[in-house]
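Single-structure report; data block below.
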Amino acid sequence: MAPIAIDPTTRRSASTWLGRGLLFVAIVFLLEHARPLLLPVTIAIVFTFVLAAPVRALRRAGIHEYIGAALVIGAVLGVAVLLLMLVAAPAAAWWSRAPLIVHELIEALQGWRDVLFPYAPPASLVRAPAAPPLDPLGERIASEGWIFTRLAIGETISFALSASATVILLYFLLASERWLVMRTVAVVRRPRARALILAGVRQAQRDIGLFISTMSLVNVALGVATGLALWAIGLPNPVLWGTTAAVLAFIPYLGPLLITLLLLLAGSVTFGTGVAMLGPPAAFLLLHGIEANFLSPMIMGHRLRLRPVFVFLTVMVWGWLWGIAGAFLAVPLLLALRAFCKRTRTLRLVCVYLEGD
């Protein structure tokens, strides 16, 4: 029996696809393990796309890029500090009560279990309770409080270092954004490719800037409405919960789900296991439904619409790679990918799937 001949073209095609698959796996592992380095760089690049327009406007007004970048970053940091000042006191109060809240949640869960699955053991199995320790709750709260404090100190130091590196890099990127774009375009020799690259960068800047600015306005309105509704219900610290809702609403699908769960836990701690605990999450879900179905589509229009399935998948992938920060960056990165694919002939099919209805 004669051996089967293998077409060299088929062999080369198989090796090409194998190489692409291995490259994709290597990139995924690189993104996951290089998170401490790549995450601040990615955040700085995304915010450069957003804040480059105000720096260019200041440059047209006669203000140098380095001064304009400092003014823009100072304004953004001022708004962030103001928000932190608003939520610092209630957040510190919740953090100091964290071990006690955990204990109350455990008791609430046990109460839900007893209500949903009542179980009475036979009398023969009921034993006399053992003598309790002197102060079991105090010992548990002390040990858990030490764990919370140690984790908080470590996370605070790590966040401070990453935030400082991000702000410094963002300043230099904003100050030299025009120079970087012009030098990148000058490297490309073909005029058509040069024009496509420049148009793609500007389109990504416009889309990402419009998305973040629009979502900021919408989420601020959602946060204010949520805080007022929770204040009317009687939930403590409505400013903290309204700010949390406004921030987490930047994460599509998963953010509102997380806010609902947090408000359910807060309602159970505040109002017990009765029907009243459903008031906070129900109020937020009502406001979020109005925002998601009427307000956001009316403001954003067709330009920023993306297929929901790909938005959800993108949030899941970047959230798995980089945690909460990756979930925040998912939609801006997807918009940048769409702007790039629109101007690449071999990737235009990707835009067909990414584009909204």
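Quick note: the coordinates plus some simple rules give every number you see, no bench work behind them. Note that the structure is a prediction, hence the values are computed from the model and not measured. Every residue, glycine as well, gets a Cβ built from its backbone with ideal geometry; the counts of neighbours run over all protein chains shown.
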Contour excess over end-to-end distance, with Cα ends at Ile290 and Val350 and 0.36 nm allotted per residue:
18.5 nm
Once phi is turned into θ = phi - 60°, what whole-Hz ³J(HN,Hα) does the Karplus curve with 6.51, -1.76 and 1.60 give for every residue of the range 190-203, x standing for Gly and Pro?
6, x, 5, 4, 5, 5, 5, 5, 5, 5, x, 5, 5, 5
Rounded, prolate or oblate: which one fits the range 248-324, using the alpha carbon gyration tensor with axes a ≥ b ≥ c (rounded when a/c is under 1.5, else prolate when a/b beats b/c, else oblate)?
oblate
Let me know the whole percent of all Cα-Cα pairs from the range 284-357 that are separated by more than 14 Å.
67
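Highest mean first, how do 316-323, 328-335 rank when packing is the count of other Cβ atoms within 10 Å averaged over residues? Display every interim value, and only then the final one.
Numbers: 316-323: 16.9, 328-335: 22.4.
Descending packing order for the listed peptides: 328-335, 316-323.
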The Kirkwood hydrodynamic radius of the range 206-274, taken as the inverse of the mean 1/r over all distinct Cα pairs, in Å, comes to 12.6
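How much FRET efficiency would the formula 1/(1 + (r/R0)^6) give for Met182 and Leu77, where r is the Cβ-Cβ distance and R0 is 25 Å, rounded to 0.05?
The calculated FRET efficiency here is 0.35.
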Which whole-Hz ³J(HN,Hα) couplings does the range 61-69 yield from phi under the Karplus relation 6.51 cos²θ - 1.76 cosθ + 1.60, θ = phi - 60°, glycine and proline marked x?
7, x, 9, 4, 4, 5, 6, x, 5
